[in-house]
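The values are calculated or read from the model by the stated rules, or taken from the named source; none is laboratory data. Predicted, not measured: the structure shown is a model, and the values here were computed from it. Note that we place each Cβ from the backbone using ideal geometry, even for glycine, and neighbour counts take in every protein chain shown. All accessible areas refer to the heavy atoms of the entire protein, side chains included, with ligands and DNA or RNA removed. Shrake-Rupley method; radii C 1.70, N 1.55, O 1.52, S 1.80 Å.
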Amino acid sequence: MRILNAEYVKGTLEPENRGMSNIPEVCFIGRSNVGKSSMINTLVMQKVARTSSTPGATRMVNLYSIDYEYRGVRQQLIFSDFPGFGYSKVSKVMQQNWQKMIEGYIERNKNIKRIIWVYDARREFDNLDEMLLEWFFDRKLHFTLVLTKTDKESRNFVDIKKRLSRQWIGEGEIFTFSAKTGDGRKELLTHIFSTADT
Ligand code: GTP
Ligand code: MG
(Lines give C-alpha, C1' and ligand atoms only; values in the text may rest on other atoms or scores of the structure.)
(Ligands and ions follow the chains in the order given, each with its own letter.)
Protein backbone atom coordinates (compact mmCIF):
# COMPACT_ATOMS: atom_id res chain seq x y z
CA MET A 1 0.00 0.00 0.00
CA ARG A 2 1.47 3.33 -0.99
CA ILE A 3 0.63 6.76 -2.38
CA LEU A 4 2.07 7.24 -5.85
CA ASN A 5 0.90 10.76 -6.56
CA ALA A 6 -1.36 13.39 -5.03
CA GLU A 7 -2.34 16.64 -6.70
CA TYR A 8 -4.87 19.41 -6.53
CA VAL A 9 -7.52 19.26 -9.26
CA LYS A 10 -9.97 22.09 -8.60
CA GLY A 11 -12.42 23.73 -6.28
CA THR A 12 -16.10 23.36 -7.10
CA LEU A 13 -19.57 23.41 -5.58
CA GLU A 14 -21.15 21.39 -8.38
CA PRO A 15 -20.59 17.64 -8.55
CA GLU A 16 -21.55 17.90 -12.26
CA ASN A 17 -18.37 19.93 -12.78
CA ARG A 18 -16.29 17.44 -10.91
CA GLY A 19 -14.99 15.79 -14.06
CA MET A 20 -13.22 12.42 -13.80
CA SER A 21 -16.63 10.81 -14.19
CA ASN A 22 -16.33 7.40 -12.60
CA ILE A 23 -13.52 7.83 -10.16
CA PRO A 24 -14.56 6.98 -6.58
CA GLU A 25 -14.55 9.83 -4.09
CA VAL A 26 -13.94 10.06 -0.36
CA CYS A 27 -15.19 13.22 1.38
CA PHE A 28 -13.56 14.86 4.41
CA ILE A 29 -16.24 16.69 6.35
CA GLY A 30 -16.33 18.36 9.75
CA ARG A 31 -16.35 21.56 11.74
CA SER A 32 -14.20 24.46 10.76
CA ASN A 33 -10.61 24.27 11.94
CA VAL A 34 -10.92 20.65 13.03
CA GLY A 35 -8.07 19.52 10.79
CA LYS A 36 -9.63 18.22 7.57
CA SER A 37 -7.00 19.67 5.24
CA SER A 38 -4.19 18.65 7.59
CA MET A 39 -5.56 15.11 7.63
CA ILE A 40 -5.39 14.91 3.85
CA ASN A 41 -1.82 16.21 3.86
CA THR A 42 -0.71 13.70 6.49
CA LEU A 43 -2.47 10.83 4.72
CA VAL A 44 -0.70 11.54 1.43
CA MET A 45 2.52 12.73 3.15
CA GLN A 46 2.60 15.84 1.04
CA LYS A 47 1.35 19.41 1.45
CA VAL A 48 -1.35 19.37 -1.23
CA ALA A 49 -4.24 20.79 0.77
CA ARG A 50 -4.20 24.33 2.04
CA THR A 51 -4.43 24.57 5.81
CA SER A 52 -5.19 27.75 7.64
CA SER A 53 -5.23 29.27 11.07
CA THR A 54 -8.27 31.32 10.00
CA PRO A 55 -11.36 29.21 10.61
CA GLY A 56 -13.79 29.10 7.71
CA ALA A 57 -11.09 29.78 5.12
CA THR A 58 -12.13 26.93 2.80
CA ARG A 59 -15.12 28.02 0.66
CA MET A 60 -15.30 25.37 -2.02
CA VAL A 61 -15.10 21.64 -2.12
CA ASN A 62 -11.45 21.18 -3.05
CA LEU A 63 -10.72 18.06 -5.05
CA TYR A 64 -7.46 16.13 -4.99
CA SER A 65 -6.57 13.31 -7.31
CA ILE A 66 -4.82 10.46 -5.50
CA ASP A 67 -2.95 7.71 -7.34
CA TYR A 68 -2.09 4.79 -5.13
CA GLU A 69 -1.14 1.18 -5.06
CA TYR A 70 -3.24 -1.16 -2.98
CA ARG A 71 -3.06 -4.96 -2.97
CA GLY A 72 -0.62 -4.72 -5.83
CA VAL A 73 -3.02 -2.78 -8.07
CA ARG A 74 -2.62 0.83 -9.20
CA GLN A 75 -5.79 2.79 -8.50
CA GLN A 76 -7.16 6.30 -8.40
CA LEU A 77 -9.35 8.11 -5.91
CA ILE A 78 -10.59 11.62 -5.32
CA PHE A 79 -10.26 13.12 -1.87
CA SER A 80 -12.64 16.04 -1.40
CA ASP A 81 -11.85 18.61 1.25
CA PHE A 82 -15.02 20.36 2.44
CA PRO A 83 -15.46 23.82 3.88
CA GLY A 84 -15.80 23.58 7.65
CA PHE A 85 -19.17 24.17 9.29
CA GLY A 86 -20.25 25.51 12.64
CA TYR A 87 -17.86 28.42 12.84
CA SER A 88 -19.63 30.74 15.28
CA LYS A 89 -18.53 34.00 13.65
CA VAL A 90 -20.22 33.04 10.40
CA SER A 91 -23.80 34.32 10.01
CA LYS A 92 -26.83 32.05 10.14
CA VAL A 93 -27.47 32.61 6.45
CA MET A 94 -23.93 31.44 5.66
CA GLN A 95 -24.43 28.37 7.85
CA GLN A 96 -27.63 27.55 5.96
CA ASN A 97 -25.82 28.05 2.69
CA TRP A 98 -23.13 25.66 3.82
CA GLN A 99 -25.75 23.06 4.63
CA LYS A 100 -27.49 23.45 1.27
CA MET A 101 -24.18 23.34 -0.50
CA ILE A 102 -22.92 20.14 1.07
CA GLU A 103 -26.31 18.45 0.85
CA GLY A 104 -26.52 19.34 -2.84
CA TYR A 105 -22.99 18.22 -3.55
CA ILE A 106 -23.28 14.92 -1.75
CA GLU A 107 -26.78 14.00 -2.83
CA ARG A 108 -26.08 14.64 -6.52
CA ASN A 109 -22.75 12.87 -6.49
CA LYS A 110 -22.95 9.19 -7.36
CA ASN A 111 -19.23 8.50 -6.90
CA ILE A 112 -19.00 9.03 -3.16
CA LYS A 113 -17.80 5.86 -1.48
CA ARG A 114 -17.38 7.17 2.02
CA ILE A 115 -17.55 10.24 4.22
CA ILE A 116 -14.72 10.79 6.65
CA TRP A 117 -16.25 12.72 9.52
CA VAL A 118 -13.34 14.59 11.03
CA TYR A 119 -13.95 15.27 14.69
CA ASP A 120 -11.86 16.98 17.35
CA ALA A 121 -11.19 14.31 19.99
CA ARG A 122 -11.50 16.94 22.73
CA ARG A 123 -14.97 18.13 21.72
CA GLU A 124 -18.32 17.26 23.26
CA PHE A 125 -21.05 16.15 20.90
CA ASP A 126 -23.70 18.86 20.37
CA ASN A 127 -26.91 19.60 18.43
CA LEU A 128 -25.10 20.41 15.22
CA ASP A 129 -23.26 17.09 15.34
CA GLU A 130 -26.53 15.35 16.08
CA MET A 131 -28.11 16.91 12.97
CA LEU A 132 -25.23 15.80 10.81
CA LEU A 133 -25.40 12.28 12.22
CA GLU A 134 -29.15 12.09 11.56
CA TRP A 135 -28.61 13.26 8.03
CA PHE A 136 -25.99 10.53 7.46
CA PHE A 137 -28.46 7.91 8.66
CA ASP A 138 -31.46 9.38 6.78
CA ARG A 139 -29.59 9.39 3.49
CA LYS A 140 -27.88 6.08 4.24
CA LEU A 141 -24.47 7.66 3.72
CA HIS A 142 -21.50 5.51 4.67
CA PHE A 143 -19.45 7.44 7.17
CA THR A 144 -16.44 6.90 9.37
CA LEU A 145 -15.85 8.96 12.49
CA VAL A 146 -12.24 10.01 12.95
CA LEU A 147 -11.23 11.52 16.28
CA THR A 148 -8.33 13.78 15.47
CA LYS A 149 -5.71 15.94 17.21
CA THR A 150 -5.10 13.00 19.56
CA ASP A 151 -1.58 14.35 20.18
CA LYS A 152 -3.18 16.99 22.38
CA GLU A 153 -4.58 14.45 24.84
CA SER A 154 -3.46 11.39 26.79
CA ARG A 155 -3.90 7.87 25.46
CA ASN A 156 -6.35 7.22 28.25
CA PHE A 157 -8.50 10.24 27.37
CA VAL A 158 -8.62 9.19 23.72
CA ASP A 159 -9.65 5.64 24.66
CA ILE A 160 -12.50 6.96 26.80
CA LYS A 161 -13.57 9.32 24.02
CA LYS A 162 -13.60 6.44 21.58
CA ARG A 163 -15.90 4.45 23.84
CA LEU A 164 -18.24 7.44 24.31
CA SER A 165 -18.31 8.02 20.56
CA ARG A 166 -19.38 4.43 20.10
CA GLN A 167 -22.44 5.19 22.22
CA TRP A 168 -23.19 8.35 20.21
CA ILE A 169 -22.98 6.90 16.75
CA GLY A 170 -23.97 3.30 17.37
CA GLU A 171 -22.72 0.95 14.69
CA GLY A 172 -20.10 2.45 12.44
CA GLU A 173 -16.40 2.79 12.06
CA ILE A 174 -14.32 4.88 14.49
CA PHE A 175 -10.65 5.73 14.07
CA THR A 176 -8.19 7.97 15.90
CA PHE A 177 -5.68 10.23 14.19
CA SER A 178 -3.08 12.92 14.59
CA ALA A 179 -1.95 15.02 11.66
CA LYS A 180 0.96 16.18 13.76
CA THR A 181 2.46 12.83 14.77
CA GLY A 182 0.99 10.64 12.03
CA ASP A 183 -0.65 8.44 14.67
CA GLY A 184 -3.36 6.29 13.07
CA ARG A 185 -2.29 7.15 9.52
CA LYS A 186 -1.71 3.59 8.28
CA GLU A 187 -4.94 2.30 9.81
CA LEU A 188 -7.08 5.07 8.35
CA LEU A 189 -5.47 4.85 4.92
CA THR A 190 -6.02 1.08 4.81
CA HIS A 191 -9.63 1.61 5.82
CA ILE A 192 -10.16 4.25 3.10
CA PHE A 193 -8.56 2.10 0.41
CA SER A 194 -10.47 -1.01 1.38
CA THR A 195 -13.85 0.79 1.40
CA ALA A 196 -13.13 2.57 -1.92
CA ASP A 197 -12.25 -0.79 -3.45
CA THR A 198 -15.77 -2.22 -3.07
P1 GTP B 1 -11.20 24.76 7.62
O2 GTP B 1 -10.89 24.37 6.20
O3 GTP B 1 -10.98 26.22 7.87
O4 GTP B 1 -12.54 24.30 8.05
O5 GTP B 1 -10.12 24.02 8.58
P6 GTP B 1 -9.62 22.49 8.52
O7 GTP B 1 -10.60 21.58 9.16
O8 GTP B 1 -9.17 22.14 7.14
O9 GTP B 1 -8.36 22.55 9.50
P10 GTP B 1 -6.81 22.70 9.11
O11 GTP B 1 -6.30 21.43 8.57
O12 GTP B 1 -6.61 23.93 8.34
O13 GTP B 1 -6.17 22.85 10.59
C14 GTP B 1 -6.59 23.87 11.47
C15 GTP B 1 -5.53 24.05 12.54
O16 GTP B 1 -5.41 22.88 13.36
C17 GTP B 1 -4.13 24.30 11.98
O18 GTP B 1 -3.48 25.25 12.79
C19 GTP B 1 -3.46 22.93 12.08
O20 GTP B 1 -2.05 22.99 12.21
C21 GTP B 1 -4.08 22.38 13.36
N22 GTP B 1 -4.15 20.88 13.34
C23 GTP B 1 -4.76 20.11 12.44
N24 GTP B 1 -4.65 18.79 12.73
C25 GTP B 1 -3.94 18.73 13.88
C26 GTP B 1 -3.48 17.63 14.71
O27 GTP B 1 -3.72 16.45 14.47
N28 GTP B 1 -2.79 17.97 15.85
C29 GTP B 1 -2.52 19.27 16.16
N30 GTP B 1 -1.83 19.49 17.31
N31 GTP B 1 -2.92 20.32 15.42
C32 GTP B 1 -3.62 20.06 14.29
MG1 MG C 1 -9.53 23.18 5.29
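Residue check: is residue 26 near ligand 1 (Cβ under 9 Å from one of its atoms), modelled with pLDDT of 90 or more and not aromatic (Phe, Trp, Tyr)?
no
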| Does residue 45 fit the bill of being out of contact with any Phe, Trp or Tyr (no Cβ under 8 Å at 6 or more places or on another chain) and either open to solvent by 40 Å² or more (accessible area, probe 1.4 Å) or at positive phi (or both)? | yes
| task | Answer with yes or no whether residue 190 is under 29 Å from residue 68 (Cα atoms), open to solvent by 60 Å² or more (accessible area, probe 1.4 Å) and either in a helix (DSSP H, G or I) or at pLDDT 95 or above (or both). | result | no
| query | Among the numbered criteria (1) among the aliphatic types (A, V, I, L, M); (2) farther than 17 Å from residue 116 by Cβ; (3) modelled with pLDDT of 95 or more, which single criterion is violated by residue 131? | reply | (3)
| query | Yes or no: residue 108 under 22 Å from residue 70 (Cβ atoms) and in contact with a helix residue (DSSP H, G or I) (Cβ under 6 Å, 6 or more places away or on another chain)? | reply | no
| query | Among the residues of the stretch 160-179, which ones are closer than 14 Å to residue 118 by Cβ and touching a Ser or Thr at 6+ places or on another chain (Cβ under 8 Å)? | reply | 173, 174, 175, 176, 177, 178, 179
| field | Given (1) farther than 18 Å from residue 116 by Cβ; (2) in contact with a Gly (Cβ under 7 Å, 6 or more places away or on another chain), index of the condition residue 17 fails | value | (2)
| field | Residue list for the stretch 133-164, restricted to those being surrounded by 14 or more Cβ atoms within 10 Å (Cβ to Cβ) and free of Cβ contacts under 8 Å to residues at least 24 places away in the same chain | value | 136, 162
| said: Given the criterion more than 9 Å from ligand 2 (Cβ to nearest atom), buried (at least 21 other Cβ atoms within 10 Å of the Cβ) and farther than 16 Å from residue 192 by Cα, identify the matching residue among 11, 19, 30, 35. | reply: 30
| field | Every pair of residues 6+ apart whose Cβ atoms lie under 8 Å, when the first sits in the stretch 43-57 and is modelled with pLDDT under 85 while the second is open to solvent by less than 90 Å² (accessible area, probe 1.4 Å) and more than 9 Å from ligand 2 (Cβ to nearest atom) | value | 51/41; 55/87; 56/87; 56/90
| message | Just checking, does the stretch 49-56 include any residue being part of a strand (DSSP E or B) and within 15 Å of ligand 2 (Cβ to nearest atom)? | response | no
| message | For the stretch 1-48, give me the residue count where each residue is touching a strand residue (DSSP E or B) at 6+ places or on another chain (Cβ under 9 Å), among the charged types (D, E, K, R) and farther than 25 Å from residue 131 by Cβ. | response | 4
| If you scan the stretch 165-186, which residues turn out to be surrounded by fewer than 12 Cβ atoms within 10 Å (Cβ to Cβ) and part of a helix (DSSP H, G or I)? | 167, 186
